[in-house]
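**Q** So that we are looking at the same thing, I have put the structure below in structure tokens.
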Amino acid sequence: MVDFIAASPLRYALKVKPTIFVSHIRQFWSTARIETTDEGTHILATVDGIQRTVSESSLRRNLKLRDADGIVSIPDTELFENLTLMGYNISQNQKLTFQKGQFSHQWKYLIHTIMECLSPKSTGFNEFSSNIATALICLATN
């Protein structure tokens, strides 16, 4: 897992430890609103009386993500092939729902973490969709 994080484009974002005040977080989310323009979608919020704008490009720049040309989706055949390389047993009639329990402990932990962050679910984290599988494969192979 340590090697995975060290090689990941998310390394800086996972390791940086800025000072974050709870009051700033509360102010941000209590005033946050979405704005969509020709330039893209932004989150606008006010913190300590100062207007703040968060965009995809500002997140990439500040978290030092090196994935601007990243993958949006993976064809099913490539998805199944990569999951097989990670130790997942693909059945003949495999649907695009996967069982976390078929992975080793290190992959289960990563899957659980991704699901906690990205899934709208609040319970039942044993199954995950192809979107979560795509995120898992991109993190594991980039």
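The values are calculated or read from the model by the stated rules, or taken from the named source; none is laboratory data. Bear in mind that the values here come from a model prediction, so they are computed numbers and not experimental data. Because the Cβ atoms are built from the backbone with ideal geometry, glycine has one as well, and the counts that use them run over all protein chains shown.
**Q** Look through segment 12-33, keep the residues that are touching a residue at least 12 places away in the same chain (Cβ under 8 Å) and assigned to a helix (DSSP H, G or I), and return whichever of them is surrounded by the fewest Cβ atoms within 10 Å (Cβ to Cβ). I'd like the intermediate steps shown before the answer.
**A** Quick first cut of segment 12-33, residues touching a residue at least 12 places away in the same chain (Cβ under 8 Å) only: 12-13, 16, 24, 27-29, 31-33.
After this cut, where a residue has to be assigned to a helix (DSSP H, G or I) as well, the list is 12-13, 24, 27-29, 31.
Numbers: 12: 13, 13: 14, 24: 14, 27: 18, 28: 15, 29: 10, 31: 13.
Within segment 12-33, the match that is surrounded by the fewest Cβ atoms within 10 Å (Cβ to Cβ) is 29.
**Q** Looking at segment 86-102 only, could you name the residues that are part of a loop (DSSP other than H, G, I, E, B) and either within 19 Å of the chain's Cα centre (by Cα) or touching a residue at least 40 places away in the same chain (Cβ under 8 Å) (or both)?
**A** Taking segment 86-102 first, the residues part of a loop (DSSP other than H, G, I, E, B) are 86-96.
Passing the criteria: 86, 96.
**Q** Report, by residue number, each residue of segment 57-85 that is at pLDDT below 80 and not in a helix (DSSP H, G or I).
**A** 63, 64, 65, 66, 67, 68, 69, 70, 71, 72, 73, 74, listed by residue number.
**Q** Restricting attention to segment 37-54, report how many residues are exposed (fewer than 15 other Cβ atoms within 10 Å of the Cβ), without any contact (Cβ under 8 Å) to a residue 24 or more places away in the chain and under 12 Å from residue 27 (Cβ atoms).
**A** Looking only at that region, the number is 4.
**Q** Run down 32, 45 and say which single residue is small (Gly, Ala, Ser), modelled with pLDDT of 80 or more and over 29 Å from residue 129 (Cβ atoms). Full working, then the answer.
**A** Numbers: 32 fails: over 29 Å from residue 129 (Cβ atoms).
Testing whether each residue is small (Gly, Ala, Ser), modelled with pLDDT of 80 or more and over 29 Å from residue 129 (Cβ atoms) leaves just 45.
**Q** Which residues, counting only those in segment 14-38, are under 18 Å from residue 49 (Cβ atoms) and of a type in the set (Lys, Arg)?
**A** Listed by number, the residues that qualify are 26, 33.
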